Amino acid sequence: MQDAATATPETIFLKDYTPFGYKVDSVSLTFKLAPRATRVISKIVFSPNPETTDARFFLHGKQLDLKWAKIDGTEIATRAVPGGLEADVPTVPFLWEAEVEISPETNTALEGLYQSNGMYCTQCEAEGFRKITFYPDRPDVMSTFTVRIEGSEKVMLSNGNPTASGTGFAEWYDPWPKPAYLFALVAGDLVNHPGSFTTKSGRPVELNIWVRPGDEGKCAFGMEALKKSMTWDEEVYGCEYDLDLFNIVAVDDFNMGAMENKGLNIFNSSCVLASPETSTDANFERIEAIIAHEYFHNWTGNRITCRDWFQLCLKEGLTVFRDAQFTSDMRGAAVKRINDACDLRGRQYAEDNGPLAHPPRPDSFVEINNFYTATVYEKGAEVIGMLKRLVGDEAYTKALDLYFERHDGQACTIEDWLNVFEDATGRSMKRFKRWYTSAGTPRLSVKESYNKGTFKLTFRQDTPPTPGQKQKKPRVIPIAVGLLAEDGTETHPTQVLEMTKRQQSFKWEKLSAKPVASILREFSAPVILQRETNDTERAFLLAHDTDPFNRWEAGRELSKSTLKAMITTGAPASALYLDSLHAAIRDDAQDPGFRAMLLTLPGQSELAQMLHDDGVTPDPQAIYDAVQTLKLTMAQQMQDTLPRLYAASQVDGPYSPDAADANKRALAGAVLGLISRTDGGKTAQAQYDDADNMTQQLGGLSALLTAEKGEAAVQAFYTQWRHDRLVLDKWFMLQVAHAAPEATAATAEALTRHADFTHTNPNRFRATLGALAGNHAGFHHDSGASYALLADWLITLDPLNPQTTARMCAAFQTWRHYDAKRQDVMRAAMERILAQKDLSRDTTEMLSRILS
Ligand SMILES: [Zn+2]
C-alpha cells in the first residue's frame, strides 16, 4: 500500500498556486467492484499544458495499491513520492493507463469509494478522488469522463447519461468537462422514485430519487422540491438543466449533508427522505433547501467551478445565497432572514471571534476538509447579499448573466467573480474585496444627534484582530436605514447607506422632530451593531418598525438586555420586555412564524458570547438558571393568552409541510414550550397522544421533557420508532439536548452504551455527541464530565473518520471565554486528544489552531 499520510502535514498557501503541467483531454475508468478488492483501471489522455512551464508529472494518490502503470501501452516504473507518484512522460500528448486496488468495505473515513450498508458510493469533494485512482486531483483540471462499472449490483450509476448496460455492467458518459471532485459512482440494491421535468427550451429530463427498499414512501416531497428548484433556477437566474437525466441517491453513512456530483447528487438520507409521520416541519424545510442547493450547484459550482480550494466560497457562498433566495420565495422572506441571522450569530460569529477565525477566502490551510465552515458558506452568502444590496437588483442580474456567459466551463477565482461586477456596473470592487480576504466580524458603532431639523447618524467600524491579521482596513458596509416618527409612522422608508470609511456620517434634513432610526434593516450586513439605545426605544421599534427583521431584532435586544441583568445582577425579568412581548404575540395580524421567532429566546451559547464581548466571564449555570426563570415568568405572565394562542394555532385537516401550516405549528410549539412550565405537562401529553405527524409528536415529547414528565413518552417513542434510523437520531438528540446541566454527561454516556448507538454512522454520532456539545450548560458543567466524554469519543472516532472528528473539535473553540478552572479542564481534554499516536492531520490542525 502506498500512503502519503506518513508525510509531515504541510501548509498549503494560496500564493503558491501554479497550474498543473498537463491538460487532461479525456478520462476513461473501469471499476470491477468487490468489497475488499475493487479494481480501478484508468485510461487518461494527457497533453502538455501551454499555460505553464512546470513539466513535473505528479499524480495524487492515497491508500492505493498500484498493480501496474503504462504510458502509450508500455509498462513503466513510477516513483512513489509524498501524496502520490511521479513518472517520466513524453513532451507530446500521451495515454496514461494504470490499475489499482482499493477496499471500499474497510473505508470508514467515508471519502473516496466506500460502502454503506453494503451499497457502494463515493464522496470525492474535496480530495477523495485520489483514494480511487492516481489522478491530478485538483479542481482546475477538468475533463470529460467515461465510466464502466462491472459488478453484480442491481443498480449501477455514475455521472452524465447512460450509454450501455447489460448483465453485470453499466456504462456512463458525462459530456460536461468536470474536475475529479464531482465524480460519483453508486452501486447497490436500490429502488427509484421516478419523476420527469421539461426544461424551458423543451429538453425532457428523467428524474430519479434512489433509496434503499423500504424508503420509497419518503421520496415524494424531495421530488417536488427538485422540480420547484429546476423551475426557479430557470425563472430567476435563467439557468437550465443540461443532461437527459438527474439522479439523487440517499445514503445513510455520509459526512456532509449532500454532494452536487454532476447529474448524480448523493445525499445524506437525513437530507432527502421525508414523510409527515417521520419528519418535522424543520426537516421538510431543510430538505427543500438542500435539494435546491445541490441542484443550483449545477451552474454555480459545476459548470463554473473553483480554480483551487481557497476559492471554495466562490461556489458555496453564491449557492447558499441562491438557496436562501429560493427559500424566501417559497416560504416567506422575513422568517427566513431571521433564521439566517440567528444561525450566523450562533455559528459563524463564534468562529469569526475565536481562534478558528479565517477569511471567506483563506490564505492557507493544512487540511481543506477543515474549511467547510460557516465562514466560507454562510458568511460567503452574506457577502453576496451585500454585493446585491450595493449594486442593486438589476445590476446584480446583469453581472450574473455576464458571469455565466464569460466563465462557463472554467475554473475561476474570487477575482474573476469581482471583475464581472466591475465590468457589469463600472464600480470598483477593490475595497469590497476585503470581505473576502479579511477575517473577523466588524463592530459597527453608531451615534445619533438631532439639531434644528437635522438628524445625523455617525458610524464607526472596528474589527478586532484575528489570527494572522492584526490590522484591519475599513470595509464597504451597506447599512439599510429607515426613520420613524414619534407616533410610530414611517417618515423615511428604507434607504441603503454605503459606508466606505472607518468613520462616516449621514444626514437627514428638514425634519419636524427627532425621529427614531431603524438601523441595519433586513440585517443588511454581517456586523455587530453597537448602538446607544435603551429598552424604551427597543420596545417602540418592536411595536412599530415596518421592517420585520428589525422588529424582531428589537425584541431580541430586549430579551438579551433583560437576561443580562438577570444573569449578572439577579434582577427580575424586565416588565417592559414582558409587556412588549405580550402585546406583540397577541397581534393576530402578524405572521405566526414571526411570532414564534419572537417567543424564542437567544441560545445560551449566544448569551455566553454576548457576556464575553461585554467583558464578563460567562457562568454557564447562571445563564441556564436565568433562561429557565425567564421562561417560567413568561409562562406565568401570559397565562391567559397562551392557551388561547395555542388553540388558535392548531391546524385543521391533513398535514401539509407548506409554510402557512408550518408557521402555525411553530407558534403552537413555542407556546406549548411555555405552557408546559405551568400546567405540569398536561397539554404536552395530550398533544403527544393525539399527534398524527412528527412535528406534533416531537413537539409534545420535547415539552414533556421540559415539564420533567417525559419518561414514559421517551420509552413509548423508542418502541414506536426503533425501526426508523432517522427518527431514532431525533430520539438520541432530544434526550441529550433536554438533559439538566448536572445530568447531561451521564445521559449522553448512557446513550453511547445503548444498543442502537453506533459511532461509525456520522448522523448517530452527531445526534448524541453533537447534542452534548450543543447543550451549553451541560457541556460546560462544573464537573468537567462532558469535556472528558467528548474527548474520549473523539479519540475513538479519529482513526476511523477524521473529517467528522475534526469538525466536532469546534465544540472547544470558545474555551478561552470561560473561567480559569474550565479553561484548564478543556485544555487538558484537547491535549489528551493531541497526544494520541497517529492522530489525523484533520484533527491535529483543528486542535492546534484552537489551542494556539
Ligand atoms: Zn454546496
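Tabulated data
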{"quantity": "Integer Hz, Karplus 6.51/-1.76/1.60 couplings in order for the range 14-22, x for Gly and Pro", "calculated": "4, 5, 8, 4, 9, x, 6, x, 9"}
{"quantity": "Volume per residue of the C-alpha convex hull in the range 376-496, rounded to whole Å³", "calculated": "149"}
{"quantity": "Solvent-accessible ranking of Val825, Val383, largest area first, probe 1.4 Å", "calculated": "Val825, Val383"}
{"quantity": "Built amide H within the under 5 Å cut-off of Leu529, gap 5+", "calculated": "Leu444"}
{"quantity": "Violating pairs (Cα-Cα greater than 24 angstrom) within the set Lys433/Lys507; Lys23/Lys178; Lys43/Lys262; Lys456/Lys564; Lys447/Lys560; Lys227/Lys379", "calculated": "Lys433/Lys507; Lys456/Lys564; Lys227/Lys379"}
{"quantity": "Within the chain, helix-based [θ] at 222 nm, where runs of 4 or more DSSP H residues each add -39,500 (n - 2.57), nearest 500", "calculated": "-12000 deg cm²/dmol"}
{"quantity": "Stokes-Einstein D for the range 1-122, Kirkwood Rh over Cα pairs, 10 °C, 1.306 mPa s (µm²/s)", "calculated": "99"}
{"quantity": "Cα shape, the range 547-589, gyration tensor, a/c 1.5 rule", "calculated": "oblate"}
{"quantity": "Restricting the range 683-788 to GluC sites (Glu not before Pro) in coil, as DSSP defines it, with at most 12 other Cβ within 10 Å", "calculated": "Glu708"}
{"quantity": "Per residue value of the accessible surface for the chain (all protein chains in place, 1.4 Å probe), Å²", "calculated": "38"}
{"quantity": "Apportionment of accessible area to carbon and sulfur, the chain, percent (1.4 Å)", "calculated": "50"}
{"quantity": "Span per principal axis, largest first, for the Cα atoms of the range 89-135 (Å)", "calculated": "45, 21, 13"}
{"quantity": "For Arg56, solvent-accessible area (1.4 Å; no DNA, RNA or ligand), Å²", "calculated": "120"}
{"quantity": "Measure of compaction for the chain (Cα Rg per 2.2 N^0.38 Å)", "calculated": "0.96"}
{"quantity": "Exposure rank, largest accessible area first [Arg832, Arg849; 1.4 Å]", "calculated": "Arg832, Arg849"}
{"quantity": "Rh (Kirkwood; distinct C-alpha pairs) - the range 588-697, Å", "calculated": "15.4"}
{"quantity": "Sequence-distant residues sharing a close amide H with Leu110 (under 5 Å, placed H)", "calculated": "none"}
{"quantity": "Antiparallel %, DSSP beta bridges [both residues in the chain], to 5", "calculated": "80"}
{"quantity": "Exposure of Ile623 as accessible area (Å², to 10), given a probe of 1.4 Å and all protein chains", "calculated": "0"}
{"quantity": "Paired Rg and Dmax values of the range 445-515, which use every Cα atom, in angstrom", "calculated": "15.1, 49"}
{"quantity": "For the range 236-345: Kirkwood Rh in Å [reciprocal of mean 1/r, alpha carbons]", "calculated": "14.9"}
{"quantity": "Rounded to the nearest 10 Å², the accessible area of Ser428 at probe 1.4 Å", "calculated": "90"}
{"quantity": "Nearest-20 debye value, the range 327-441 charge dipole, Cβ charges on Lys, Arg, Asp, Glu", "calculated": "440"}
{"quantity": "At 1.002 mPa s and 20 °C, Stokes D of the range 740-852 from Kirkwood alpha-carbon radius, µm² per second", "calculated": "153"}
{"quantity": "DSSP-assigned coil residues among GluC sites (Glu not before Pro) in the range 431-504, each with at most 15 further Cβ atoms within 10 Å", "calculated": "Glu486"}
{"quantity": "About the Cα centre, charge dipole magnitude for the chain (Lys/Arg +1, Asp/Glu -1 at Cβ), debye", "calculated": "2080"}
{"quantity": "Phi-based couplings in Hz for the range 139-151 (Karplus 6.51, -1.76, 1.60; Gly and Pro marked x)", "calculated": "x, 7, 9, 10, 7, 7, 10, 10, 10, 10, 10, 10, x"}
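The values are calculated or read from the model by the stated rules, or taken from the named source; none is laboratory data. On a predicted model such as this, the values are computed, not experimentally measured, just so you know. Note: ideal-geometry Cβ built from the backbone for every residue, glycine included; neighbour counts use all protein chains shown. Side chains included, ligands, DNA and RNA excluded: accessible areas come from the protein's heavy atoms. Shrake-Rupley method; radii C 1.70, N 1.55, O 1.52, S 1.80 Å.
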